[in-house]
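> Have a look at this one before I ask anything.
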């Protein structure tokens with residue numbers, strides 16, 4: 001069999017079998033009805049919690065973003081106009097985009113690489129444990145470690161000066177110059193989030209039938225071709241989960257940025273999550289703050305939907 | 001038969017889960033009631049954002065109980081932003097609490113303008129008459145001639161210095177003139193003992209506050225009353241002084257956090273830190289005694305002018321909706337008496353607004369004697385002196401200046417923000 005044939009077979013999902021057996025949802029049978037009814041209190045309780053704690057305040061935020069401050073009543077889209085005109089918030093949107101792209105490349109890319117490379121290693125489990133360990137730390141703790149490393153008088157600069165790579169009189173300002181400070185925080189956050197992606201990819205790798213990989217190896221496909229045409233296509237479902245999780249978490253990143261740069265200097269490294277916090281709670285301006293929250297939600301939902309729609313569409 | 005028992009088992013499980021949820025909700029909602037304890041002890045509920053001061057508040061409450069019949073139950077929220085939102089939301093309701101810790105100056109005016117605070121002018125005058133309150137603080141706690149809070153404590157901004165570092169660079173006396181002060185900064189900076197500043201956090205305005213108030217307290221006060229503009233040439237001169245410190249490397253790197261500065265001083269990496277007397281305890285926590293660190297007042301730029309002290313006062317207000325309104329007002333009068341203020345000031349390690357209170361800490365005591373000797377001029381802290389929105393936006397702008405000292409860009413931006421926010425403040429100062 002050619003590698004391309006293996007690829008085709010492993011990516012097609014057998015749907016006709018399901019249809020023939022009549023298990024597609026249509027009219028529920030008697031015991032299914034009872035099962036559903038019994039499930040209502042459990043699902044209902046969860047829905048009630050999510051509805052009261054998350055959905056109702058969200059609807060209120062949308063409403064609030066159409067009002068002004070200090071009881072000044074309905075202002076329509078004024079808050080959104082203010083938001084898109086503010087240069088600090090424009091910069092914030094660019095930073096948010098950088099976070100989305102950066103977290104696609106780094107935690108997802110590294111997660112996949114480390115999972116694949118350590119899956120066949122002798123001490124692979126130990127290596128993976130070391131990579132996953134930072135995920136057990138609170139984000140604030142990681143950020144404080146980041147400060148020790150990345151601040152102007154911190155360990156990284158000291159190491160570089162010691163190795164003669166930089167002039168000790170002019171250390172690199174990792175956290176103070178845009179866009180380097182945004183990139184530094186993204187890279188440092190990736191150190192922590194790569195771990196969970198490694199675990200997810202390990203699970204995905206274990207669902208790949210060994211025969212497909214062995215067949216490709218017998219065919220004479222080397223490591224890279226095996227990975228690209230056999231392993232990776234079968235990880236599509238896992239990749240969908242990993243990307244979905246990573247993007248939504250990256251777009252909401254707060255504690256890392258707050259502890260490392262406070263969104264500064266002069267609001268230069270803020271993302272929309274920080275801008276929303278600053279506007280609502282520091283500037284005491286819930287009008288524009290609500291608008292920022294709504295825009296951020298739209299971006300997160302859109303990113304997730306755009307990617308997941310393709311993946312889920314392909315599978316059904 | 002088996003199916004029947006499986007379904008009733010499910011119903012049982014669903015029922016048990018529902019009971020648990022309801023029981024949990026009831027216990028959750030019943031906690032934290034109006035402060036009336038089961039033992040019958042009557043307490044005033046005091047909202048604050050300092051959980052580390054709970055013991056002090058409640059000890060003060062026991063002294064107040066003897067006079068007023070009510071003690072204090074402190075309800076604290078650990079983060080300031082959370083606290084601000086909670087108070088703003090709670091004030092118009094029945095759960096407004098009896099006493100609210102709040103800022104002074106414009107932040108207090110913004111809260112008073114919501115119309116939710118009780119008028120405490122009579123209580124203020126009572127305390128002043130009894131000699132328990134420094135009346136000079138009155139403008140910082142008033143709106144439109146009415147008083148809305150009594151002082152929690154009265155901190156003063158001074159410059160803490162590293163005693164051994166000063167000795168090392170050959171300086172034997174703390175500076176009394178601005179020229180001497182700049183010499184101290186230069187010598188310490190060159191010897192590797194910089195002054196603490198940083199762009200993270202709210203403290204970015206500190207050098208501006210010190211330099212401009214030292215240049216002229218009239219200029220500083222005019223700026224805080226929108227009678228002077230940030231484009232004034234004297235302000236520009238002040239920024240040039242600050243730029244000189246930054247360009248010469250006499251200040252810490254811009255990503256220094258001021259919370260780290262006391263420890264840096266203890267480790268011999270810092271020479272000076274301009275901060276308030278409420279930070280005095282942090283130097284102790286870092287392991288220093290009055291043999292290692294001291295403090296001096298900011299000298300004036302013009303010879304012959306008095307030294308400058310920036311006053312930093314928080315206050316205690318009473319909501320209009322307070323469940324125990326009269327008791328709360330009486331409690332505040334008792335709060336200012338020496339019987340409450342002396343142990344409170346020792347507990348919190350800071351000065352009191354009651355002029356009869358003495359301090360035990362040697363560094364604070366040295367500050368007090370310098371104040372008695374030099375009779376300084378007082379200005380209110382930057383944070384309380386401007387409309388709150390402008391304070392926040394200018395903090396970011398000063399942070400940018402600390403990293404890249406571009407005077408033109410900074411002053412233009414500050415001027416733009418000031419015009420915008422003063423206009424909004426004059427239209428409607430309410431922060432609710």
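The values are calculated or read from the model by the stated rules, or taken from the named source; none is laboratory data. Note that this is a predicted model, so its numbers are computed, not measured. Here the Cβ is made from the backbone with ideal geometry for all residues, glycine too, and neighbour counts use every protein chain on show.
For every residue, the table says whether it meets (1) out of contact with any helix residue (DSSP H, G or I) (no Cβ under 7 Å at 6 or more places or on another chain); (2) at pLDDT 95 or above; (3) part of a loop (DSSP other than H, G, I, E, B).
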site	(1), (2), (3)
A:52	yes, no, no
A:55	yes, no, no
A:60	yes, no, no
A:70	yes, no, yes
A:96	no, no, no
A:101	yes, no, no
A:111	no, no, no
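> Give the residue, chosen from A:152, A:140, that is within 30 Å of residue B:200 (Cβ to Cβ) and either under 23 Å from the mean Cα position of the chain (by Cα) or surrounded by fewer than 15 Cβ atoms within 10 Å (Cβ to Cβ) (or both).
Step by step, each of A:152, A:140 is checked, and only A:140 is within 30 Å of residue B:200 (Cβ to Cβ) and either under 23 Å from the mean Cα position of the chain (by Cα) or surrounded by fewer than 15 Cβ atoms within 10 Å (Cβ to Cβ) (or both).
> Moving on to the next point. Go through (1) modelled with pLDDT under 90; (2) under 20 Å from the mean Cα position of the chain (by Cα) for residue A:115 and report which single condition fails.
Against the list (1) modelled with pLDDT under 90; (2) under 20 Å from the mean Cα position of the chain (by Cα), residue A:115 comes up short only on (1).
> Find the residue count for the stretch B:113-146, including only residues that are within 24 Å of residue B:221 (Cα to Cα), touching a helix residue (DSSP H, G or I) at 6+ places or on another chain (Cβ under 6 Å) and modelled with pLDDT of 90 or more.
4
> Ok, one more. Would you mind listing the helices (runs of 4 or more DSSP H) fully within the stretch B:132-232 where at least 2 residues are within 18 Å of the chain's Cα centre (by Cα)?
B:206-215
Results for (1) modelled with pLDDT of 70 or more; (2) surrounded by fewer than 12 Cβ atoms within 10 Å (Cβ to Cβ); (3) not in a loop (DSSP other than H, G, I, E, B), shown as yes or no for each residue.
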site: B:4; (1), (2), (3): no, yes, yes
site: B:13; (1), (2), (3): yes, no, yes
site: B:28; (1), (2), (3): no, yes, yes
site: B:33; (1), (2), (3): no, yes, no
site: B:39; (1), (2), (3): no, yes, no
site: B:61; (1), (2), (3): yes, no, yes
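> Moving on. If residue B:358 satisfies every condition in (1) within 22 Å of residue B:219 (Cα to Cα); (2) without any contact (Cβ under 8 Å) to a residue 24 or more places away in the chain but one, which is the exception?
The one condition residue B:358 does not meet is (1).
> I would also like to ask the following. Quick check on the stretch B:251-263: of everything there that is more than 8 Å from chain A (Cβ to nearest Cβ) and farther than 14 Å from residue B:188 by Cα, which residue is surrounded by the fewest Cβ atoms within 10 Å (Cβ to Cβ)?
Checked the stretch B:251-263; the qualifying residue surrounded by the fewest Cβ atoms within 10 Å (Cβ to Cβ) is B:259.
> I need a count of the residues in the stretch A:28-50 that are more than 10 Å from chain B (Cβ to nearest Cβ) and either exposed (fewer than 12 other Cβ atoms within 10 Å of the Cβ) or in contact with a helix residue (DSSP H, G or I) (Cβ under 8 Å, 6 or more places away or on another chain) (or both).
Result for the stretch A:28-50: 9.
> For the stretch B:84-107, which residues satisfy the criterion of being away from every other protein chain (no Cβ under 14 Å), part of a helix (DSSP H, G or I) and at negative phi?
B:90
For every residue, the table says whether it meets (1) more than 16 Å from residue B:401 (Cβ to Cβ); (2) buried (at least 23 other Cβ atoms within 10 Å of the Cβ); (3) modelled with pLDDT of 95 or more; (4) touching a helix residue (DSSP H, G or I) at 6+ places or on another chain (Cβ under 6 Å).
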residue	(1), (2), (3), (4)
B:180	yes, no, yes, no
B:199	no, yes, no, yes
B:205	no, no, yes, yes
B:211	no, no, yes, yes
B:222	yes, no, yes, no
B:227	yes, no, yes, no
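> Still on this model: I'd like the full set of residues that are within 12 Å of chain A (Cβ to nearest Cβ), surrounded by fewer than 20 Cβ atoms within 10 Å (Cβ to Cβ) and in contact with a helix residue (DSSP H, G or I) (Cβ under 9 Å, 6 or more places away or on another chain), limited to the stretch B:418-432.
Within the stretch B:418-432, B:420, B:424, B:429, B:430, B:432 meet the criteria.
> Which residue pairs have Cβ atoms under 6 Å apart, sit 6 or more places apart or on different chains, and have a first residue in the stretch A:279-293 that is away from chain B (no Cβ under 11 Å) and a second that is part of a loop (DSSP other than H, G, I, E, B) and surrounded by fewer than 21 Cβ atoms within 10 Å (Cβ to Cβ)?
A:287/A:68; A:287/A:69
> For the stretch B:75-86, check the following and say yes or no: at least one residue is touching a residue at least 24 places away in the same chain (Cβ under 8 Å) and crowded, with 23+ Cβ neighbours inside 10 Å.
Within the stretch B:75-86 (the criterion being touching a residue at least 24 places away in the same chain (Cβ under 8 Å) and crowded, with 23+ Cβ neighbours inside 10 Å), the answer is no, since none of the residues qualifies.
> Okay, moving on. Of the residues that make up the stretch B:383-402, is at least one more than 14 Å from every other protein chain (Cβ to nearest Cβ), within 28 Å of residue B:134 (Cβ to Cβ), more than 20 Å from the chain's Cα centre (by Cα) and buried (at least 18 other Cβ atoms within 10 Å of the Cβ)?
Among the residues of the stretch B:383-402, not one is more than 14 Å from every other protein chain (Cβ to nearest Cβ), within 28 Å of residue B:134 (Cβ to Cβ), more than 20 Å from the chain's Cα centre (by Cα) and buried (at least 18 other Cβ atoms within 10 Å of the Cβ), which makes the answer no.
> Let me spell it out: the conditions are (1) without any contact (Cβ under 8 Å) to a residue 40 or more places away in the chain; (2) on the phi < 0 side of the Ramachandran plot, and residue A:164 meets all of them except one. Which number is the exception?
It fails just one condition, (2).
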